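Structure record follows, encoded as structure tokens.
The values are calculated or read from the model by the stated rules, or taken from the named source; none is laboratory data. Since we're looking at a predicted model, the values are computed, not measured. Because the Cβ atoms are built from the backbone with ideal geometry, glycine has one as well, and the counts that use them run over all protein chains shown.
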Amino acid sequence: MVGGHESTANSVVWCLHMLAIHPSVQTRLRAAIREVITEDSFTYESVNSIDYLDLSLIHISEPTRPRLIS
């Protein structure tokens, strides 16, 4: 049995849903990815260098993070 597969799948589905309902973000993210990623340059470093990807994933996950109520 593999642990954590449901939470990972839910996260991916949530990200795809948020991109689907925000087409301007999807378009900008696609452009940022295509600037950096080519067939010859698909490496960890190239993916890691896409700042807009990081910002998008952080922003998309914001509503789902648990928060302390003070």
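Put simply, of 56, 7 the only residue that is at pLDDT below 85, on the phi < 0 side of the Ramachandran plot and of a type in the set (Ser, Thr, Tyr) is 7.
Counting residues in the range 24-34 that are more than 22 Å from residue 61 (Cβ to Cβ) and free of Cβ contacts under 8 Å to residues at least 12 places away in the same chain gives one or more.
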